[in-house]
Amino acid sequence: MLKTAIEAAQRAGRLIAERYPSERRFALKGFRDLVSDADTAAEAQIIELITRRFPGHAILAEEAGGPDAAAGEYTWVIDPLDGTTNYVHRHPVFAVSIGVLQRGRPLLGVVHDPLRNHTFVAHRGGGARLNNEPIQVSAVPTLDEALIGFDWGHSDEMRGRIAGCAGKLLTCCGGLRVMGSACLALAYVAAGWLDGYFQAGLKPWDTAAGILLVSEAGGCCSTLQGEPFQVGEPGCLASNGAVHDSCLEILQGALA
């Protein structure tokens, strides 16, 4: 399964990278929520490979839909192009995300950045790797030294809440970065390139691979209420662990 996930992510990555310089064909599927021809083509390619090799497994994909993420023994959770708004605007921050859940729990995950040829891989109990080299979360000890990533979400209401969180964090952390790709941000936390990341409007395909990368790299993931994070929760804080409680305290105060 892991070999198939890597192969599928890298194949999809080649497709979206090849189309990256071309004229964009996209549509709005929701408020501030884009889908491009590259999304649907890459997703179809991924689904075809998984279905052929694992015909009995369930598939939940961003564009095609599918069963509940906790349904069945194995569920593949796919985001063929996380960061479509970036992609459409030629902002070079996007990735392919493929996770496999076993009875709802992350079993393996792959996040592939095709422009940088970065393939982040994790499997439960086996650690996290980037291009076959082990990775781990940062050793930054305090929030005032930490670089924290976040994303806005789509709705005005959500953006207002996140703006409040960002305003509070700005005076307490070393810096803030908006990513535009949740799965890539989580991979960056796992690699130690970000010390934390939060979002309040996530979908299963945003996190199925990324939260496993963070936990296998020695980090921590929780809901924005401080409960253990499960795929399907809308709000998530991922961190190196050391800055988690102090970041969570600020977020809870801002969201209250």
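The values are calculated or read from the model by the stated rules, or taken from the named source; none is laboratory data. None of these values were measured; they are calculated from a predicted model. As a convention, Cβ positions derive from the backbone with ideal geometry for all residues, glycine included, and neighbour counts pool all protein chains shown.
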Subject >> Residue that is farthest from I6 (Cα to Cα), among those in segment 131-146 that are in contact with a strand residue (DSSP E or B) (Cβ under 9 Å, 6 or more places away or on another chain) and surrounded by fewer than 18 Cβ atoms within 10 Å (Cβ to Cβ) >> reply: Q136
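Do the conditions hold for G167, that is, is it more than 22 Å from G99 (Cβ to Cβ), in a helix (DSSP H, G or I) and out of contact with any strand residue (DSSP E or B) (no Cβ under 8 Å at 6 or more places or on another chain)?
Working: more than 22 Å from G99 (Cβ to Cβ): yes; in a helix (DSSP H, G or I): yes; out of contact with any strand residue (DSSP E or B) (no Cβ under 8 Å at 6 or more places or on another chain): yes.
So G167 passes the test.
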Subject >> Residues of segment 10-32 that turn out to be at pLDDT 95 or above and touching a Ser or Thr at 6+ places or on another chain (Cβ under 7 Å), as a count >> reply: 1
Original post:
Could you say whether any residue in segment 226-243 is part of a helix (DSSP H, G or I) and either touching a His at 6+ places or on another chain (Cβ under 9 Å) or in contact (Cβ under 8 Å) with a residue 24 or more places away in the chain (or both)?
Top reply: no
Original post:
Can you name the number of the only condition in (1) more than 21 Å from S138 (Cα to Cα); (2) out of contact with any strand residue (DSSP E or B) (no Cβ under 7 Å at 6 or more places or on another chain) that I250 fails?
Top reply: (1)
Original post:
Of the conditions (1) part of a loop (DSSP other than H, G, I, E, B); (2) among the hydrophobic types (A, V, I, L, M, F, W, C); (3) surrounded by fewer than 24 Cβ atoms within 10 Å (Cβ to Cβ), L194 fails just one. Which one is it?
Top reply: (3)
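Taking V35, is it at pLDDT 95 or above and in a strand (DSSP E or B)?
Spelling it out, it is not the case that V35 is at pLDDT 95 or above and in a strand (DSSP E or B).
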Original post:
Of all residues in segment 232-256, how many are of a type in the set (V, I, T) and at pLDDT 95 or above?
Top reply: 1
**OP:** Could you figure out which of (1) assigned by TED's automatic domain parsing to the domain that holds E227; (2) out of contact with any Phe, Trp or Tyr (no Cβ under 8 Å at 6 or more places or on another chain) isn't true of S155?
**Re:** (2)
Original post:
Pairs, please: C-beta under 7 Å, at least 6 apart or cross-chain, first residue in the same structural domain as S246 (by TED's automatic domain parsing) and in segment 188-211, second assigned to a helix (DSSP H, G or I) and among the aromatic types (F, W, Y)?
Top reply: L194/Y188
